[in-house]
1. Of the numbered conditions (1) modelled with pLDDT of 95 or more; (2) in contact with a helix residue (DSSP H, G or I) (Cβ under 9 Å, 6 or more places away or on another chain), residue 75 satisfies every one except a single condition; which is it?
2. Has region 49-65 got any residue that is at pLDDT below 95 and over 24 Å from residue 18 (Cα atoms)?
3. Would you be able to say whether some residue in region 4-14 is at pLDDT 90 or above, on the phi < 0 side of the Ramachandran plot and surrounded by fewer than 18 Cβ atoms within 10 Å (Cβ to Cβ)?
4. Just the residues that are assigned to a loop (DSSP other than H, G, I, E, B) and in contact with a helix residue (DSSP H, G or I) (Cβ under 7 Å, 6 or more places away or on another chain), please, taken from region 53-64.
5. Give the residues of region 30-44 that are within 15 Å of residue 89 (Cα to Cα) and more than 9 Å from ligand 2 (Cβ to nearest atom), sorted by residue number.
6. All but one of (1) touching a helix residue (DSSP H, G or I) at 6+ places or on another chain (Cβ under 9 Å); (2) free of Cβ contacts under 8 Å to residues at least 24 places away in the same chain hold for residue 67, so report the exception by its number.
7. For region 87-105: of the residues being within 21 Å of residue 45 (Cα to Cα) and surrounded by 17 or more Cβ atoms within 10 Å (Cβ to Cβ), which is farthest from ligand 1 (Cβ to nearest atom)?
8. If residue 139 meets every condition in (1) closer than 20 Å to residue 24 by Cα; (2) touching a strand residue (DSSP E or B) at 6+ places or on another chain (Cβ under 8 Å); (3) modelled with pLDDT of 95 or more apart from one, which number is that one?
Ligand SMILES: Nc1ncnc2c1ncn2[C@@H]1O[C@H](COP(=O)(O)OP(=O)(O)OP(=O)(O)O)[C@@H](O)[C@H]1O
Ligand SMILES: [Mg+2]
């Protein structure tokens, strides 16, 4: 059985939103509440655009009760929730897809968990095609909002 056959949650239909930080968190929590695992979500966008902020909101909505931290140093942060385990992975410092093996990438992908991946580009061809992509963009002239594209 493929590890990540899933339907895109209804909230993540092709959309194009301009959101403040609190709106982004609200959107993320709402998405988190609607997720049925297994699901792989990729979070793309430039440095500091809000990927971790959104990942943390999704975790909160999904029901993670552990303290939610940033995976920048650990690369992989694992949480538990009623519906499944949650992996929040930051691949920024991964230089080649080969390095994913040491992170336990293959086991994580088949774990039937909710998986949130920042900098998924770094995974190259080891990123499964079957995932929900979310992209964040800065808006020129508006430091408080971000463009969000999902699905
Ligand atoms: N509309 C917004 N949405 C999200 N974050 C915002 C928004 N406006 C301002 N911010 C700020 O932008 C920063 C986003 O930081 P965050 O760590 O989430 O980014 P990131 O994309 O994960 O960065 P990195 O590429 O280093 O992983 C936070 O300091 C947050 O307060
Ligand atoms: Mg981040």
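The values are calculated or read from the model by the stated rules, or taken from the named source; none is laboratory data. Here the structure is a predicted model, which is why all the values come from computation and not from measurement. Heads up, the Cβs are rebuilt from the backbone with ideal geometry, glycines too, and the neighbour counts pull from every protein chain shown.
1. Condition not satisfied by residue 75: (1).
2. At the first step, the residues of region 49-65 found to be at pLDDT below 95 are 65.
Filter once more, so that each one left must be over 24 Å from residue 18 (Cα atoms): 65.
Yes, region 49-65 has at least one match.
3. Step one: of region 4-14, the residues at pLDDT 90 or above are none.
No; the residues of region 4-14 include none that is at pLDDT 90 or above, on the phi < 0 side of the Ramachandran plot and surrounded by fewer than 18 Cβ atoms within 10 Å (Cβ to Cβ).
4. Here is the first cut: in region 53-64, the residues assigned to a loop (DSSP other than H, G, I, E, B) are 63-64.
None; the set is empty.
5. Those that are within 15 Å of residue 89 (Cα to Cα) and more than 9 Å from ligand 2 (Cβ to nearest atom): 39, 40, 41, 42, 44.
6. (1)
7. Filtering region 87-105 down to residues within 21 Å of residue 45 (Cα to Cα) leaves 87-97, 100.
Among the residues that remain, those that are also surrounded by 17 or more Cβ atoms within 10 Å (Cβ to Cβ) are: 87-91, 94, 100.
Details: 87: 16, 88: 10, 89: 11, 90: 6, 91: 10, 94: 13, 100: 17 Å.
For region 87-105, the residue satisfying everything is 100.
8. Checking residue 139 against (1) closer than 20 Å to residue 24 by Cα; (2) touching a strand residue (DSSP E or B) at 6+ places or on another chain (Cβ under 8 Å); (3) modelled with pLDDT of 95 or more, the one that fails is (3).
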